[in-house]
Structures are given as structure tokens and as C-alpha cells.
1. Within a Cβ distance under 13 Å of Pro71, other residues only, what is the Lys/Arg minus Asp/Glu net charge?
2. Mean-square fluctuation check for the chain, GNM, Cα pairs under 10 Å: which of Arg22, Arg77, Arg40 is largest?
3. If contacts are Cα pairs under 8 angstrom and at least 6 residues apart, what is the relative contact order of the chain in percent?
4. Kirkwood Rh, Cα Rg: Rg to Rh for the chain?
5. Please determine, in degrees from 0 to 90 and to the nearest 10, the orientation of helix 20-39 with respect to the longest principal axis defined by the Cα atoms of the chain, where the helix direction is its Cα long axis.
6. Within 9 Å, Cβ to Cβ, of His126, how many net charges do the neighbouring residues add up to if Lys/Arg are +1 and Asp/Glu are -1?
7. Sort 67-76, 102-111, 127-136 by the packing proxy (mean of other Cβ within 10 Å over each peptide's residues), most packed first.
8. Neighbouring Cβ atoms within 10 Å as the yardstick, rank Thr39, Thr61 fewest first.
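Read the figures in this text as sums done on the coordinates, not as results from a lab. Quantities reported herein were computed from a predicted structural model and do not represent experimental measurements. Positions of Cβ are generated from backbone atoms using ideal geometry, with glycine treated the same way; all protein chains shown enter the neighbour counts.
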Amino acid sequence: MEYSAPMDLRVLLDEKNIDLPRLAKVLDELGHPGRVWATRQWTRAIQARLYEAAKGFRKITLDDFVPPGTPELVEVRHHGMNTLPLHNHFEKRFCKPKDPEAKDQLWGFNYQSLSGVTGPGYFVTHPAPDDGEVDIDYTMLPKEKVASWPPIIPNEAKRSMRDLGFNSFII
């Protein structure tokens, strides 16, 4: 009798030098549920190694977060896992703004299990000063949001991600 077991991608990460093109190909081929499951198996140490290995691997643009052709104010969700010991699964939800003055930005918020304590953690995403990087800036608030998102509140109104010392940049 045949059965299939979940693919454990940690075997690709045990190598001294992580083969990022191979890992990216395998992750792309897994599809969304498999990719989320696989990446949530990664430890803090693996995430640190991946972060270092990814520096300069390829340029990241706003199109990597919201694909071209996506209409304005349509949500695009990205699942993530941070290295905190608890409550470490989250989503960053992005949209393109309607405002033509903000064409070089994406607007978004964090969706996670502690939102009642931390608030939604709204941010503005824009190209970073370093070419090929993107800043996720919690010091800036979007001017509008997707209709289904929680109300936009200043990140200072609750114990926000910024108050906890988080600002993100993607390399």
C-alpha cells in the first residue's frame, strides 16, 4: 500500500551552503498549503541561516508582495512565522492603494493571534534606500484600507509591533 508523507524540506537546509535556487523551486512546486506547512517546520536557527543566505540572492520589489495586475484595495495575504517562542504564526496582508500619489507603496497590516493586545499593526511598504530591498514601515499609516480589514488606528494606540521593537525590511 502506498501513502504519501509530508515533504520535510529541512534536508535541503542541513547543507553547509543552502542551495537557494533549488529550495525556491521546491517551495514553488509545493503549492500554498505545502509551502506554509514546510516553512512552519523551520527552527530559529534555520531561519537565521536562511536570512543570511538570502542576502543579495535576488532583488525584491513591491511586485513580489502584490503581483502586477492586482486591482487596487484587493487583499494579498502572505503567511509567515517569526522566531518568538509563542504566537509566532502571522500574516502580512497587503493591497495596492487607490491614491495615485502612493503608487510606489503598498499598504497593509499584520494579522495574528495577539491582535486584540497589539492592534492590527498597520504599515506602509515602499522600496528601501538599498536597491533590491523593501521596507515595511510601521511608523507610517495607510490612508485607506480593504473594506474587510480592521479600523486603521495609530500603532501607538496599543502595544503595537513597533512598540515591541519591530520594523521589517525584506531582502
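1. On the way: positive: Lys96, Lys98; negative: Glu72, Glu75.
Net of charged neighbours comes to 0.
2. Looking only at Arg22, Arg77, Arg40, the largest GNM fluctuation is found for Arg22.
3. On the way: 261 pairs, mean separation 28.0, N = 171.
Relative CO of the chain lands at 16 percent.
4. Across the chain, the Cα-based Rg/Rh ratio is 0.98.
5. 70
6. Numbers: positive: none; negative: Asp104, Asp135, Asp137.
Residues close to His126 contribute a combined charge of -3.
7. Top of the packing list down: 102-111, 127-136, 67-76.
8. On the way: Thr39 17, Thr61 13.
Placing the least packed residue first, the sequence is Thr61, Thr39.
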